[in-house]
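Values in this text are rule-based calculations from the coordinates and carry no lab data. Just so you know, these numbers come straight off a predicted model, no measurement behind them. Here the Cβ positions follow ideal geometry from the backbone for every residue, glycine too, while neighbour counts run over all protein chains shown.
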Amino acid sequence: MMISEFLTLIVIVLLCSVNHLSAQESTATEADLESIVEFRDEYYGQYTLGAGDIISVTINLASGEKTLSTKIEESPILTDGSIILPYVEKVQASGLTCSLLAMKITEELKKEFRNPFVIVEIINPKNQTVTVLGDLLNGIFPIMNGDRFFEFLARNVHSGKSSKNFLDEFVRAHIVRSDGSTMEVNLAKYIIDSDTLHNPLLQNRDRIFIRSMKINITVLGKVKKPNIYQLASPAQVPDAIAVAGGYGDNTVITEIKVIRRIQNKSVEFTIKPDFEQRDISGDILLQDGDVVYVSGKSKIDWHMAKDFVWTLNLLLSTAMLVLILKG
């Protein structure tokens, strides 16, 4: 069996505080209220309200030179998605962000009052959770509307819920939606290629199966420790050679091949090492199951060669001397 045919057989498949303020009457400038809205929107701007959320609504009405503020605390959004408020009675809230709901209430108040101003805050959002199993996280975690996979991992991993740093090992995930639909996520494609399809919005009751992105690489040929190795992705040819102990002693490397299985066919990528420039021309990102084969030839040790020639000359000279003496 040819070595190239043998190598193609060795392909491995790797499996991837909300502040609670008391009711009060106070005076406030419009600039003060705008700064409050700006801060609130930065924190809650992505959250979509729904039945079961508990919110507070502050209604500011102009009264002479003062602004009269009335705060309705812990107002629940009813099962039909509405809330009941003074001055406007029933308002549909489900499906709106805090800002949009505040604008909607303001428009209703304008029918009866001059320059009303409304602030909506979340007191207790309804429980939206995802279930996570895998290498980095395990458990049930709350999410906010607008959470994406990358940001969710960053928040929970760096908050101490996992001892690993997912940025050191790019992640693959399998997400199962509550309706049974599924999607595959390769976080490396989002981080490296900015492919937003691999940073999806999370949904309530998602089940997420996470695995670190490790790849199995076979390293053969003129290396010190040929074997199958597991590398963190992304990895390149020098990484595979390094983990295999480096190039063999007294060897001149002529070329390096990466053998990859694509659609049941063996594809070879030839790489030319340039040791003077400390570069490997044509280096590629390795994929799971790749075989790295290092070709080379034995390098002559000129010191040993000189010693051999000197010894050989000495033996020949001695033999000639013996023959002369005998003659």
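Of note:
- Nitroxide proxy distance, nm - points 7 Å out along Cα→Cβ at A232 and V176: 3.0
- Computed from the C-beta positions of V267 and I54, the FRET efficiency with R₀ = 56 Å rounds to 0.45.
- Ranked by the mean number of other Cβ atoms within 10 Å of their residues, highest first, the peptides 109-116, 197-204, 261-268 fall in the order 197-204, 109-116, 261-268.
- Spin-label model, A62 to E89: label points 7 Å out along the Cα-to-beta-carbon direction sit 2.7 nm apart.
- Our coupling estimate for region 190-201, obtained by passing each phi through the Karplus curve with A = 6.51, B = -1.76, C = 1.60 and θ = phi - 60°, is 6, 5, 8, 9, 6, 7, 5, 4, 9, 9, x, 5 Hz, Gly and Pro reported as x.
- Annotation: peptides 245-258, 174-187, ranked by per-residue average of other Cβ atoms within 10 Å with the highest first, follow the order 245-258, 174-187.
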